[in-house]
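Worksheet: one structure, shown below.
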Amino acid sequence: MHGEYTPLMKPGLLAKRLASGKAKLDPEMGLEKLCSGCNEYWPQDTAFWSVWNSTRSCDGLQHYCKACESEIAIKRWKERTA
């Protein structure tokens, strides 16, 4: 893939996410974000998360990792075509 990047968060938001467990700092991977779908931590960059430019997204990324987004899309497609 190309063009991946890690969106920067404001220091206050980063501290809040780290304190609540929605993010963690891994010594090898760096900043990781908790997926609301699979409840697993993934590196907080656009290789694992889709960009979501919404006022509801403080960090500019989706709440679900790309793998969970794909599973949800497949499930919805199957429900519509059944």
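Quick notes on this structure:
- Other-chain or far-sequence residues with amide H under 5 Å of residue 29's (modelled H): none
- Loop-located GluC sites (Glu not before Pro) in segment 35-82 (DSSP state not H, G, I, E or B) with no more than 15 neighbouring Cβ atoms inside 10 Å: 40.
- For residue 14 and residue 55, the FRET efficiency from 1/(1 + (r/R0)^6), where r spans their Cβ atoms and R0 equals 22 Å, is about 0.75.
- Across segment 58-72, rounded Karplus estimates of 3J(HN,Hα) from the backbone phi angles (6.51 cos²θ - 1.76 cosθ + 1.60, θ = phi - 60°) give 5, 9, x, 10, 4, 7, 10, 5, 4, 5, 5, 4, 5, 4, 5 Hz, Gly and Pro being marked x.
- When the chain is treated as a Gaussian network with alpha carbon springs shorter than 10 Å, the biggest mean-square fluctuation among 12, 21, 37 belongs to 12.
- Near-label residues of segment 37-71 by backbone N, under 11 Å of a point 7 Å along Cα→Cβ of residue 6: 43-46
- Mean projected area of the convex hull spanned by the Cα atoms of segment 11-81, taken over all viewing directions: 5.5 nm².
- Within the listed set 67, 19, 47, the Gaussian network model of the chain (springs between alpha-carbon atoms below 10 Å) gives the highest mean-square fluctuation for 19.
Readers should treat all values here as calculations from the given coordinates under stated rules, not as data from a laboratory. Just so it is clear, the structure is predicted and the values come from calculations on it, not from any experiment. Glycine gets a Cβ as well: all are built from the backbone with ideal geometry, and neighbour counts include every protein chain shown.
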